[in-house]
Amino acid sequence: MNTLSYGLLSLLTRNSRTGYELTQNIQPFWQAKHSQIYPLLAQLEQKGYVEFVHVPQSDKPDKKVYSLTDNGREALKQWIAEPTDEPVVRDELALKVFCIGLVDKEQARKVLHEREVYYQKKKERFTQSYERIKQEAVKPLEELEIHDPLFGLYVLIQKATLKVDADLVWCEWMKSKLK
C-alpha cells in the first residue's frame, strides 16, 4: 500500500466519511485528487481495510460512507511502526528567493507581502481549528494524552502553528533585508 492509502485509513480512525470528505480532509497532509482517492478506496475495501454503507440521496447518486475495519486498524498500527520517509519539500517561494536579486526591491517586497498574507490567513485557520477542538475536548487541550481521541489533531495544529509562526518571523527578517 502507498502512503496515501494509509492516510485515508488514518482519517477514518476518528469517524466515518464519504470519499468526498476524505478528499477534502487529506489535503492538509497530502495533495490528492478525486481520481486517486476513489480507486484507492475500492482497493482498501477489497483488502478488507474499510467497509461502506450506501446512503440514498434523492437528487444525486447514492453516496458511500466509509468506515475503518479492525483489519484496517491493524494495518495502520503496523505502518506507524515502520520508518517514516523524509518530508517532500516543494516550495516555489524558495526558488524565487534564490534568484530574487533579478528584480527590484519593490517587486521583491510584493512577493514577500503576498506570502506573508498567506501565512497570516493560515495562522487564522489554525487558530479557528484550535478553538473548535477546544470546545470538543472534555479537558484542557494541554492535558490531552496520546490515547485521547483529539490528541493527534491537537499536536498537529500545534506543529502547524509553530511552523507558520517561524515563517512569519522569517518574513519579518526578510523585509529587514529589503530596506
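Worth pointing out:
- Taken over segment 95-125, residues that are open to solvent by less than 80 Å² (accessible area, probe 1.4 Å) and either within 26 Å of Thr3 (Cα to Cα) or among the charged types (D, E, K, R) (or both) amount to 4.
- Taking the numbered list (1) modelled with pLDDT under 95; (2) open to solvent by 100 Å² or more (accessible area, probe 1.4 Å); (3) not polar (S, T, N, Q) in turn, Ile133 passes all entries but (2).
- Helices (runs of 4 or more DSSP H) wholly inside segment 34-148 containing at least 3 residues that are closer than 23 Å to Asp167 by Cβ: 92-98, 105-136
- Within segment 136-179, if we keep just the residues that are aromatic (Phe, Trp, Tyr) and within 30 Å of Val103 (Cβ to Cβ), the residue that is least open to solvent (accessible area, probe 1.4 Å) turns out to be Trp170.
- Within segment 46-63, considering residues that are β-branched (Val, Ile, Thr) and either surrounded by fewer than 15 Cβ atoms within 10 Å (Cβ to Cβ) or modelled with pLDDT under 90 (or both), the one nearest to Leu9 (Cα to Cα): Val53
- For Trp30, the conditions (1) aromatic (Phe, Trp, Tyr); (2) touching a residue at least 60 places away in the same chain (Cβ under 8 Å); (3) part of a loop (DSSP other than H, G, I, E, B) are fulfilled apart from (2).
- Taking (1) on the phi > 0 side of the Ramachandran plot; (2) in contact with a strand residue (DSSP E or B) (Cβ under 6 Å, 6 or more places away or on another chain) in turn, Gly48 satisfies each apart from (2).
- Residue match in segment 143-163 (condition: of a type outside the set (A, V, I, L, M) and more than 27 Å from Leu4 (Cα to Cα)): yes
The values are calculated or read from the model by the stated rules, or taken from the named source; none is laboratory data. This structure is a prediction, so every number in the text was calculated from the model and none was measured. A quick note on method: Cβ atoms are made from the backbone with ideal geometry, for glycine too, and the neighbour counts reach across all protein chains shown. Areas reflect the complete protein model, heavy atoms only, side chains present, ligands, DNA and RNA absent. Shrake-Rupley method; radii C 1.70, N 1.55, O 1.52, S 1.80 Å.
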